[in-house]
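The values are calculated or read from the model by the stated rules, or taken from the named source; none is laboratory data. Everything numeric in this text was worked out from a predicted model, so none of it was measured. Glycine gets a Cβ as well: all are built from the backbone with ideal geometry, and neighbour counts include every protein chain shown. Remember, those area values only see protein heavy atoms, side chains included, never the ligands or the DNA or RNA. Shrake-Rupley method; radii C 1.70, N 1.55, O 1.52, S 1.80 Å.
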Amino acid sequence: MSPPNFDAIISGAGAAGLFCAGVAAQRGLRVLLIDHADKLAEKIRISGGGRCNFTNRELDPAAPQRHFLGQNPHFCRSALARYTPQDFIGLVQRHGIAFHEKHKGQLFCDRSAEDIITMLLAECAGGAAGGSVERWQPCRIEAVRFSDADGGHYALDTANGPARAPQLVLATGGLSIPKIGASDFGTRVARQFGLRTVEQRPGLVPLTFDGAHWAPYAGLAGLALPVRVATGTKKARMEFHEDLLFTHRGLSGPAVLQISSYWQDGAALQLDFAPGTEVAAWLAEAKARSRRRVDNELAALVPARLADAWTAHDAALQRPINEAPDKALAALAERIQRWQIVPTGSEGYRKAEVTLGGVDTRDLSQQTMESKQPGLYCIGEVVDVTGWLGGYNFQWAWASAHACGQALRHAA
């Protein structure tokens, strides 16, 4: 019995894979969608606290490098310009999904991330004449081969039996959150066919510190406050103004998740716990007018728990502020405004929201997402394109999937 034939096979039924399948089916293509995970689109389901931060209004397609990183951030410009946040918002509205803007352009479902999954499945089911999406899940792909015969096709050995198609789309995601099925399958197949890959590492991830070094701050776990965080120097310097969260093992919250994608091993973070305030001048003014203890005065500027931590181990600060030495207050101001600390690592893929690196964009077409290997496409997180926190990575999934879905060809 000959294997079933399709116009395209898509490996990975996450955000990019599902959307690409729907776009292709509505152009009349027969698509096979394969995923090894037990649950469909689990990363969508758990994202945004279960409400899916599905895009961001502030994305600027004319300057995508502002919100994306990789060896060539400009690569994503074409796809993002041709399928914008407004395009995806229009799709969401056509499906009657209520949503709201939460922070800095971030859009979330009012009800549940399940609404986005249901929408994507409806798009897959709405194929044009001759178009369809057949889904094999859970189904493991055991081997992939390419043959030049019959105009060229990919032959897959799967747990459900053989399948073949002239086009194969890798929408396999990255390595983040292995408990929901993340794997390196996509990059392994890419390398099998001669594509280059960029070394992968966790992105949008909490940062950790050596236990002994972090001990003085472990008691601050649970404390959150707005900060300015930066890393790098000169042209390579990156800075974010977001909320920070202290944890038992280190630092998290949007500020640290954002900066983690730019942080390099051994580099320092610089933190300003009172952004917008000249702390040295503020403390000098407080010394001139107040007789309250330093920690009590400082609690008007930063949370009381942090004020206590900054003053507890310095006898010169355990007194009324008008009696505190100027040198001690200057050192305190420097610590609050320019705290330098070097992380020892991160929480890894277990807690990372995305994976940095992946298939090298030099081997892909920015218009179609097809690789230098004929008929092999790469979309979504498997590609070396990573967005900021706040819906940008989902928008890359939609945009790259749309570019690919529009480019896939009917089998001869």
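Key figures
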quantity: Residue tally, condition in contact with a Leu (Cβ under 6 Å, 6 or more places away or on another chain) and part of a strand (DSSP E or B), over segment 126-167; calculated: 7
quantity: Positions within segment 234-271 being polar (S, T, N, Q) and over 15 Å from the mean Cα position of the chain (by Cα), in sequence order; calculated: 247, 264, 270
quantity: Only listed residue being among the aliphatic types (A, V, I, L, M), open to solvent by less than 20 Å² (accessible area, probe 1.4 Å) and farther than 20 Å from residue 41 by Cα, chosen from 156, 120; calculated: 156
quantity: Leading residue by the ranking (nearest to residue 273 (Cα to Cα)) among those in segment 212-243 that are of a type in the set (Val, Ile, Thr) and surrounded by 14 or more Cβ atoms within 10 Å (Cβ to Cβ); calculated: 227
quantity: Within segment 123-153, considering residues that are closer than 28 Å to residue 96 by Cβ, among the hydrophobic types (A, V, I, L, M, F, W, C) and surrounded by 15 or more Cβ atoms within 10 Å (Cβ to Cβ), the one nearest to the chain's Cα centre (by Cα); calculated: 124
quantity: Matching residues in segment 1-25 - criterion: being open to solvent by 30 Å² or more (accessible area, probe 1.4 Å) and in contact with a Cys (Cβ under 9 Å, 6 or more places away or on another chain); calculated: none
quantity: Some residue of segment 167-179 being under 13 Å from residue 32 (Cβ atoms), of a type in the set (Ser, Thr, Tyr), open to solvent by 10 Å² or more (accessible area, probe 1.4 Å) and touching a residue at least 12 places away in the same chain (Cβ under 8 Å); calculated: no
quantity: Conditions (1) part of a helix (DSSP H, G or I); (2) buried (at least 16 other Cβ atoms within 10 Å of the Cβ); (3) free of Cβ contacts under 8 Å to residues at least 24 places away in the same chain; number of the one not met by residue 61; calculated: (1)
quantity: Selection count, segment 361-385, where residues are surrounded by fewer than 24 Cβ atoms within 10 Å (Cβ to Cβ) and either in a loop (DSSP other than H, G, I, E, B) or β-branched (Val, Ile, Thr) (or both); calculated: 9
quantity: From the options 209, 246, residue that is open to solvent by less than 20 Å² (accessible area, probe 1.4 Å), farther than 14 Å from residue 342 by Cβ and of a type outside the set (Ser, Thr, Tyr); calculated: 246
quantity: Odd one out for residue 242, checked against (1) assigned to a strand (DSSP E or B); (2) in contact with a strand residue (DSSP E or B) (Cβ under 6 Å, 6 or more places away or on another chain); calculated: (2)
quantity: Hits in segment 189-206 (condition: crowded, with 18+ Cβ neighbours inside 10 Å and in contact with a helix residue (DSSP H, G or I) (Cβ under 8 Å, 6 or more places away or on another chain)); calculated: 190, 195, 197, 200, 202, 203, 204, 205, 206
quantity: Checklist (1) buried (at least 19 other Cβ atoms within 10 Å of the Cβ); (2) on the phi < 0 side of the Ramachandran plot applied to residue 358, failing item; calculated: (2)
quantity: Test: residue in segment 176-192 that is farther than 30 Å from residue 266 by Cα, modelled with pLDDT under 95 and hydrophobic (A, V, I, L, M, F, W, C); calculated: yes
quantity: Residue match in segment 369-377 (condition: touching a Ser or Thr at 6+ places or on another chain (Cβ under 6 Å) and modelled with pLDDT of 95 or more); calculated: yes
quantity: Odd one out for residue 90, checked against (1) within 23 Å of residue 378 (Cβ to Cβ); (2) open to solvent by less than 20 Å² (accessible area, probe 1.4 Å); calculated: (1)
